[in-house]
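Scroll down for the structure; my scribbles are underneath it.
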Amino acid sequence: MNAAPERVEHQMTDKGYVPIYTTAVVEQPWADYTETDHQVWATLFERQRELLVGRASEEFMRSKRAMGMTADRIPKFDDLNRMLRAATGWELIGVQGLLPELDFFDHLANRRFPVTWWIRKPEQLDYLAEPDLFHDLFGHVPLLMNPVFADYMAAYGRGGVKAHAIGPEALVNLTRLYWYTVEFGLIREPEGLRIYGAGILSSKGESIHCLESAAPNRIGFDMERIMQTRYRIDSYQKTYFVIDSYEQLMEATRPDFTPIYARLAGQPSHPAGAVLSGDAVFNRGTGEGWASEGDV
């Protein structure tokens, strides 16, 4: 980890925002965070801590408490790593921004979770095009304390390395699985539907929209269905997929995906907002489900 940390973000071009990728692994420059950086962390942390009561999954809330994250200062990666290594063998590594796919998969496969070292600016509180420290650290890291979810993430990384070798279509399938589980997943708990996806947990608006709006669909987990479903990165989700447990995720990841990729090759994908015949659709309030008879 010898590279000096830089802040790598999307760049504006005549074709719009273009993502910029970086492979550098850096030490967290904790002493260089400004009071403004710490205040942005505190503002976001306090807002989500209050908002997620009764919305976030119990396991996420428990794990966040166990890690000892607080609003007063940006956490130090070294402090969190001591707990993560003891609990599940994971560690955090500092990165400058978006990683190329293969690098990202390799880190996950080896139980290294990349965390962007920099935090958004005050004027970016409600939206940022790429993941920053708050999204990565607050949204993703707590569930790495859960052994089953931690195993799922490592298995996903190994699957990503394999999919990268198979080709672009397999990568698209696998990316959709990550999007609709790790980033924007819901889980059914005794009290109703709850959030476990980091893209929701780190967003005020999406935390409300996913559970309380009548607009999106909430559909039971089906891996092939997910792999065929498109998504948008510039708006609230039109569909969320609901798991029954983290064990369900892990079991779905155990088989070799190669036959699945072959079966899906050439098949049309589904719009993000489609409800298909046979989908298990869930009530947004109670988490009760029913079988769909077709598009709605």
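Here is how the numbers come out for the structure above:
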quantity	calculated
Residue check for residue 181: among the polar types (S, T, N, Q), closer than 27 Å to residue 258 by Cα and either surrounded by fewer than 22 Cβ atoms within 10 Å (Cβ to Cβ) or out of contact with any Leu (no Cβ under 9 Å at 6 or more places or on another chain) (or both)	no
Single condition residue 128 does not satisfy, out of (1) surrounded by 15 or more Cβ atoms within 10 Å (Cβ to Cβ); (2) touching a residue at least 40 places away in the same chain (Cβ under 8 Å)	(2)
Some residue of the range 248-258 being of a type in the set (Ser, Thr, Tyr) and at pLDDT 85 or above	yes
Residues that are closer than 21 Å to residue 186 by Cα and surrounded by 13 or more Cβ atoms within 10 Å (Cβ to Cβ), drawn from the range 252-263	252, 253
Some residue of the range 210-218 being touching a Phe, Trp or Tyr at 6+ places or on another chain (Cβ under 8 Å) and under 30 Å from residue 258 (Cα atoms)	yes
Any hit, the range 105-121, residues being at pLDDT below 95 and either surrounded by fewer than 18 Cβ atoms within 10 Å (Cβ to Cβ) or at negative phi (or both)	no
The listed residue being under 19 Å from the mean Cα position of the chain (by Cα) and under 19 Å from residue 124 (Cβ atoms), out of 80, 51, 84, 92	51
Selection status of residue 137, at pLDDT 95 or above, hydrophobic (A, V, I, L, M, F, W, C) and either under 27 Å from residue 37 (Cβ atoms) or assigned to a helix (DSSP H, G or I) (or both)	yes
All positions within the range 91-143 that are among the aliphatic types (A, V, I, L, M) and in contact with a Phe, Trp or Tyr (Cβ under 8 Å, 6 or more places away or on another chain)	92, 93, 95, 98, 99, 108, 115, 119, 129, 133, 141, 143
Unique residue being more than 21 Å from the chain's Cα centre (by Cα) and part of a loop (DSSP other than H, G, I, E, B) when the list is 5, 75	5
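The values are calculated or read from the model by the stated rules, or taken from the named source; none is laboratory data. None of the values given here were measured: they were computed from a predicted structure. Ideal geometry is used to build each Cβ from the backbone, glycine not excepted, and the neighbour counts take in all protein chains shown.
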